1. Which cross-chain or sequence-distant (5 or more) residues have an amide H under 5 Å from the amide H of L166, H modelled 1.01 Å from N in plane?
2. Let me test this: with uniform point scatterers at the alpha carbons of segment 88-196, what is the Debye-based log₁₀ I(q)/I(0) at q = 0.10, 0.18, 0.22 1/Å?
3. With only Lys, Arg, Asp and Glu charged, each at its Cβ (+1 for the first two, -1 for the last two), find how big the charge dipole of segment 88-196 is about the Cα centre; round to the nearest 20 debye.
4. Order of 102-109, 5-12 by packing, highest average Cβ count within 10 Å first?
5. How far is the Cα center of segment 77-132 from the Cα center of segment 1-24, in Å?
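Quick note: the coordinates plus some simple rules give every number you see, no bench work behind them. What you are looking at is a predicted structure, and each value in this text was computed from that prediction instead of being measured. With ideal geometry, Cβ positions are generated from the backbone for all residues, glycine too; neighbour counts draw on all protein chains shown.
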Amino acid sequence: MLYYSNSLSMWVLTAIVLLIWFSSGRSFWNLGFGYPPPLAGQPLYIMLVFAVLYLIDFIAGLRSAETMSEADKTTLAILPANGQEYLHYVFVAFTAAVTEEILYRAYFISYVISMAGTQATGIGLSLLLPAIAFGVVHLYQGWKAVVKIIAMAVFLGLVFLQLQNLWAVIAAHFLLDLVGGYARILLDKPFGKNKT
C-alpha cells in the first residue's frame, strides 16, 4: 500500500540522518528529545495562534469543497476516503510527524544555525530555509498549500527554537495531519465518492 511504502522511505531517510547526527558525537538530547518542557509563555501563544489560523482555514476549506482547485483534488486522492483507510493513515500521520520534525526542525534548523550562527540573520535563515524546503516537498498539493505549509513550518520552527524540544512540534504535526485526514473523509461526501 502507498501509505506504508512512503512511510518506509521516510523512516529510512530519518535513520540515515540520525546515523550522521550520532556519528558526529551529538546526543539524542541535543536533537530535541529531552524531557518535554511545559508548554507555556511564547511557545504556547505561537501554537494557539497557529491552531486558530489552521481552524479558520480548515472551515473555509470545508465550505468551498465544490470550488476546489485541481491541485486540491489531487491531494484528496492520497488522503483517506473512509474509516478503514483512516486507520492506515494514522500510521502515515505518525510517521510524518516524527520523521519530518526530526529532519526539518531538529536536524535542518540545527545545521543552518551551525553554519549561519545565532545572530538574527542566522536564526531567520534557520527558520526560513527548512520551512521553504519543507513546503517544496509538498508541492504536489499545489502552490496555495505550499505557502500554508511554509507558514506552518515557520510556526513549528519558532516553537522548536523556543523550547529546544521536539515533543510539542511532533504532537502538533501529528494532530494537524490527523485533522487533515479526517477532513478528507468529510470532504468526500459532497463528491459522492467513497473508496473501498
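1. Result for L166 returns F33, G34.
2. Taken in order of the listed q values, log10 I(q)/I(0) reads -0.32, -0.88, -1.19.
3. My answer is approximately 400 debye.
4. Packing proxy ranking, top to bottom: 102-109, 5-12.
5. 13
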